[in-house]
1. Say whether the condition of being within 32 Å of the chain's Cα centre (by Cα) and closer than 24 Å to Asp185 by Cβ is met by at least one residue in the stretch 355-365.
2. Could you tell me which of the residues Gly393, Gly386 is under 19 Å from Glu285 (Cβ atoms), assigned by TED's automatic domain parsing to the domain that holds Val347 and part of a loop (DSSP other than H, G, I, E, B)?
3. Considering only the stretch 112-159, how many residues are among the β-branched types (Val, Ile, Thr) and farther than 25 Å from Val41 by Cβ?
4. How many of the residues in the stretch 248-277 are part of a loop (DSSP other than H, G, I, E, B) and over 16 Å from Leu312 (Cα atoms)?
5. Scan Tyr38, Tyr119 and give me the residue that is under 21 Å from Met159 (Cβ atoms) and modelled with pLDDT of 95 or more.
6. Take Ser215 and decide whether it is outside the structural domain of Lys383 (by TED's automatic domain parsing) and under 30 Å from Lys383 (Cα atoms).
7. Select from the stretch 130-180 the residues that are among the hydroxyl-bearing types (Ser, Thr, Tyr) and touching a Phe, Trp or Tyr at 6+ places or on another chain (Cβ under 9 Å) and write down the one among them that is modelled with the lowest pLDDT.
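The values are calculated or read from the model by the stated rules, or taken from the named source; none is laboratory data. Predicted model, so just to flag it, every value in this text is computed and none were measured. Note that we place each Cβ from the backbone using ideal geometry, even for glycine, and neighbour counts take in every protein chain shown.
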Amino acid sequence: MKAEIIAVGTELLLGQIVNTNARDLAAGLSDCGVIVYYQTVVGDNPGRLKDAIKDAYKRVDLVILTGGLGPTKDDLTKEIIAEYFGKKLVLHQPSLDRIKGYFDRMGREMNETNEKQAYMPEGCIILENNCGTAPGLIIENGEKTAILLPGPPKEMNPMFENEVKPWLKEKTGSIIKSRTLKMVDIGESNMAAEVTDLMEGENPTVAPYAKEGESELRITAMAESEDEADKLIEPVAKEIYARLGEYIYGEDDTTLVEALVKKLIQKKLTISTAESCTGGLIASEITSVAGSSEIFGSGYVTYANCAKMKMLGVKDKTLADYGAVSSETAKEMAEGARAASGADIAVSVTGIAGPGGGSAEKPVGLVYIALADNGGTICEKLKLDGSRDKVRGRTVKNVLKMVIQRIDKKGENK
């Protein structure tokens, strides 16, 4: 079943409200075996909404609309859908009773305009709203189906989960399930080149995605049950691990820093940080993960040269000869942090995040990251572009990646 989501509301077009409904619906529809082909946002304008609905049904057979079910004159989604399907609006007494009951529970008097919400297209399926006043509805006419849901997420989400999902699953008899393999240290194009043949499959499908400093492969299968979908996905996932396993750090919702903390805990290793241009961001990332107290004891933010010397033991001669932004300084920072903290691993960062402070010899975006452990000290030179926040954020990801790869490499060499 192909679907389009239409979010109704001028406030969405103006950016006054973020359209989280489309995101939540798209994710939930895939669980029901429904593929979302398009998403549309239209304001509270009858003419444009009519056009959006007509265009949608030229493309798909299921349209899900959110918003425009309120009691005011500009809430016209239900009226326009009824007109499109050639249905009259008739009073649904149980809905009116529920609306009155809602106001009674709130200790408020119901306005006459709220009665408008109890008028529904004849022959439709009513979706009860236990979190507000506007009922939802499902209307079918041959091959075309419309599902109308209230706009507020606190009303839309429970109605979709409790009433729409079971109805859709019974209709489609299938589900769509995905498994995402998350990678670092390989670009999207190189990653895709390694699995071109797998990307030609129809069920399951394999699709590449790029994120800041990371790449992903999403394996998606359609089947009658989750178990059947897993059976389709598993052999493809195994093949991807065989080809790209060295780059895979986790799956689905796992983040890079969560993968690192988990690995450190498993290996019973501790870590400390020494930061200049990132100003404590690495330590903040690590400690944002529950359980990180097992592996993280201390971090050092040494922005000034005097702090690098006093706290980390960086030599005055090193700073004078090579400067604060250099591989030599980065190495001494990491070694100093390891010595001061007693951690198994220490990482360091020094660089020029911008927007000012760069030179022809050391431009903005030049960053050195180093790691010290019982196997010695390594250092990487990064040349990053973008805003100050982007340079700092990408630096953090590179440090996390460096630690994961170092642990994995040492494990392989045992």
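1. Within the stretch 355-365, one or more residues are within 32 Å of the chain's Cα centre (by Cα) and closer than 24 Å to Asp185 by Cβ.
2. Gly386
3. 3
4. Restricting attention to the stretch 248-277, the residues satisfying the condition of being part of a loop (DSSP other than H, G, I, E, B) are 252-255, 268-270, 276-277.
Then drop every residue that is not over 16 Å from Leu312 (Cα atoms), which leaves 252-255, 268-270.
Within the stretch 248-277, residues that are part of a loop (DSSP other than H, G, I, E, B) and over 16 Å from Leu312 (Cα atoms) number 7.
5. Details: Tyr38 fails: under 21 Å from Met159 (Cβ atoms).
Just one listed residue meets the conditions, Tyr119.
6. Yes, satisfied.
7. Thr133
Okay, residues lined up against (1) of a type in the set (A, V, I, L, M); (2) loosely packed, with under 13 Cβ neighbours inside 10 Å; (3) within 30 Å of the chain's Cα centre (by Cα); (4) farther than 17 Å from Glu4 by Cα:
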{"site": "Arg108", "(1), (2), (3), (4)": "no, yes, no, yes"}
{"site": "Ile126", "(1), (2), (3), (4)": "yes, no, no, yes"}
{"site": "Ile139", "(1), (2), (3), (4)": "yes, no, no, no"}
{"site": "Leu148", "(1), (2), (3), (4)": "yes, no, yes, no"}
{"site": "Glu155", "(1), (2), (3), (4)": "no, no, yes, yes"}
{"site": "Met159", "(1), (2), (3), (4)": "yes, no, yes, yes"}
{"site": "Leu168", "(1), (2), (3), (4)": "yes, no, yes, no"}
